[in-house]
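Trainee: Structure below; questions to follow.
The values are calculated or read from the model by the stated rules, or taken from the named source; none is laboratory data. Quick caveat, the model's predicted, so the values are computed rather than measured. Don't worry about glycine lacking a Cβ; one is built from the backbone with ideal geometry, like all the others, and counts go over all protein chains shown.
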Amino acid sequence: MAAIETTGLTKTYGELTAVDDLDLTIEDGEVFGFLGPNGAGKSTTINMLLDFARPTSGSATVLGYDAQDDADEISPRVGVLPEGFDVYPRLSGRRHLEFAIETKAATDDPEAILERVGLSAEDAARPAGDYSKGMRQRLATGMALVDDPDLLIMDEPSSGLDPHGIREMQELVRAEADRGTTVFFSSHILEHVEAVCDRIGVLNEGRLVAVDTIDGLRESIGGGATMELVLADAADGHLETARGVAGVTDVAAAGQTLECSIADPAAKATIVTALDDAGATIRDLQIDDVSLESLFTTLTNGGGEIEGQSADETANPAAAKSEAAE
Amino acid sequence: MTDHITTVARKEFEDAGRSKLLWALTGLLVGLVIVGYVAIWYTVDDVTAAEVLGFIALPLQTIIPIAALIVGYMAVVGERRSGSIKLLLGLPPNRTDVVFGKLLGRMAVVATAVALAFVVALVLGAVLFGSVPFVDWLAFGAISILFGVSFAGLAVGVSAGVSTRGKSMAIVVGLYMLVLALWELVTAGPYYLIYGEGPPVEAETWYLFVDQFNPITTYTTLVGNVVEGEVFPFMFQYGLEDFEASGMTPAERYAGDAPFYLQDWFGLVVLLCWLVVPVAIGYYRFTKTDL
């Protein structure tokens, strides 16, 4: 049975089509990353799965139940970490968990859940209104984990978390998957998804532009990489040598630096020996695997601007994360 | 499902119990009773606890609706705007549980605040005026709680039916202004246009029927039945209606035996309407909307 299945799922707001004819199947037990830039329609899709919003056309089932007609069957079996939620500021963190336990008629121990999501007993005793964004995220995650759901739906779970928190979140997702829970989570940052997902789907402007395993996606971009070589003398003179190597698709020279685009991984070593044979002295060498990030950028129709941004993100993960925190 | 309604209601009640605003409103109600009682004790000789009880209906008819509207008008829409409703609906409670759980929770809050004020009134009556008019007190208290609960329901209904806090506040304030300040214009105004004169004491039956739907006059009519002395509605007047009529109940204005829908007890139905109709509309709209 599919954990989630959407058929021609469409949502329009006036002129704007937020989700456009989405056909998506998430298998039981898999960890599925739902990827796309902000505004791609990820949250709208999730809102329709949870009956927060009603589709304009098409339908969705969650755990075999119709998302609209049988919503009451779905909610006790699903753990939800919504996007753009807030806590009850005057109630303690512990009271939030107790409320979740009560509504699910579960027998969970609040202490155990607090520990799983990394909230201390002192934190739990405080009013949740005093919590930071990250702590609220942890609290809501804890509420989602109550009663060991069959399916976890998490909308941007890493938002508000620091790098350490994101790692913990990823571990938690993996642990849930190991317990047999299907996990469906969205993100606009690929690296948060690729570490834990069996499959990812990329959404752009309401349309699904790719669905594949991480390996499948890597294969589709040909395991490409760029190699940067710093030479002892001007790089111009060695352009032809590098171009002559099989598996090299493009070479550019700038000062003493030679930049090679590589399609076949084996070409990397060949370039080095070829340049050495040609009498060049290699001072330094750097290899960048073409990341899924750039594929993501291509799929989501980024163009130069976003490409530059994604390069920044690769160069400065902290900046990327602080952006995620917003 | 009922389980979820009570779970949500208890959470609401607990949450409201930590609200400073709510304590301020309760303090206002209790304070009003204390000030009223002490002032009468100080200035008026020869007055019984039962008569004093009747006096406090005057301020309560204004304060209870305001307090109840404040308690209720953000109930659903506030959660919608902050996003906590997503946390709530992500759990097993559904939209029905949310609306009715909140309704029960907020009604309980208002009922508690009013009850507290009445307990203080009973104690002060015994201490300062030396008697306990228990039956009057119980009936007056029950009517006041129903009055407060109706306004709380009205506000919760509005809060469920709109998408922004501003709209909820505008509608709630508008409705309060309607019953307090504009009622005569919207009921006696058309009467004047139709008949060329304002409603006399013995006005047409349809007018008496419509006019009694003002929850504030309904409250004073009902309270007037259970306490000693007259209880006048405190409302804006424009002189369209015969001045003599303003202190009279629909049954008193009807020539002969009033039909059931003009009798005083019908006021209970009126108050229930102010509770049920807005909740029904708000609930319907809330179940249809995208959050």
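Trainee: List the helices (runs of 4 or more DSSP H) inside the range B:1-105, counting only whole elements, that have at least 2 residues being within 14 Å of another protein chain (Cβ to nearest Cβ) and touching a Leu at 6+ places or on another chain (Cβ under 8 Å).
Mentor: B:2-17, B:77-82, B:84-89
Trainee: Additional query: Kindly list the number of the only condition in (1) within 9 Å of chain B (Cβ to nearest Cβ); (2) in a strand (DSSP E or B) that fails for residue A:23.
Mentor: All conditions pass for residue A:23, except number (1).
Trainee: Which one of these is on the phi > 0 side of the Ramachandran plot and either assigned by TED's automatic domain parsing to the domain that holds residue B:123 or not small (Gly, Ala, Ser) (or both): B:105, B:90, B:36, B:83?
Mentor: B:83
Trainee: Condition check: modelled with pLDDT under 95, more than 15 Å from residue B:261 (Cα to Cα) and β-branched (Val, Ile, Thr). Does residue B:205 satisfy that?
Mentor: no
Trainee: Let me ask something else. With the requirement that a residue be outside any loop (DSSP other than H, G, I, E, B) and surrounded by fewer than 24 Cβ atoms within 10 Å (Cβ to Cβ), what does the range A:34-43 give you?
Mentor: Scanning the range A:34-43 gives a single hit, A:43.
Trainee: Please determine whether any residue of the range A:110-125 is surrounded by fewer than 20 Cβ atoms within 10 Å (Cβ to Cβ), modelled with pLDDT of 95 or more and within 14 Å of another protein chain (Cβ to nearest Cβ).
Mentor: yes
Trainee: Go through the range B:1-13 and give me each residue that's of a type in the set (D, E, K, R) and modelled with pLDDT under 90.
Mentor: Residue satisfying the conditions is B:3 alone.
Trainee: Something else now. Across the range B:238-254, what is the number of residues that are in contact (Cβ under 8 Å) with a residue 12 or more places away in the chain, part of a helix (DSSP H, G or I) and more than 21 Å from the chain's Cα centre (by Cα)?
Mentor: Final tally of qualifying residues: 4.
Trainee: How many of the residues making up the range A:171-195 are surrounded by fewer than 19 Cβ atoms within 10 Å (Cβ to Cβ) and not charged (D, E, K, R)?
Mentor: Looking only at that region, the number is 4.
Trainee: Give, as residue ranges, the helices (runs of 4 or more DSSP H) completely inside the range B:180-227 that count at least 3 residues that are β-branched (Val, Ile, Thr).
Mentor: B:183-195, B:215-226
Trainee: With the checklist (1) of a type outside the set (Gly, Ala, Ser); (2) touching a helix residue (DSSP H, G or I) at 6+ places or on another chain (Cβ under 9 Å); (3) crowded, with 19+ Cβ neighbours inside 10 Å in hand, flag the one item residue A:208 doesn't pass.
Mentor: Just one mismatch for residue A:208, condition (2).
Trainee: Out of the residues in the range A:99-109 meeting the condition of being buried (at least 17 other Cβ atoms within 10 Å of the Cβ) and among the β-branched types (Val, Ile, Thr), tell me which one is nearest to the other protein chains (Cβ to nearest Cβ).
Mentor: Ranking the candidates gives A:103 first.
Trainee: How many residues does the range A:77-98 hold that are within 7 Å of chain B (Cβ to nearest Cβ), touching a residue at least 40 places away in the same chain (Cβ under 8 Å) and over 23 Å from residue A:7 (Cα atoms)?
Mentor: 5
Trainee: Hey, could you check the range A:48-73 for residues that are part of a helix (DSSP H, G or I) and in contact (Cβ under 8 Å) with a residue 24 or more places away in the chain and say which is farthest from the other protein chains (Cβ to nearest Cβ)?
Mentor: Applying the filter and picking the extreme gives A:49.
Trainee: Also, quick follow-up: Looking only at the range A:144-163, decide whether some residue is surrounded by fewer than 23 Cβ atoms within 10 Å (Cβ to Cβ), within 14 Å of chain B (Cβ to nearest Cβ), farther than 25 Å from residue A:3 by Cβ and in contact with a strand residue (DSSP E or B) (Cβ under 7 Å, 6 or more places away or on another chain).
Mentor: no
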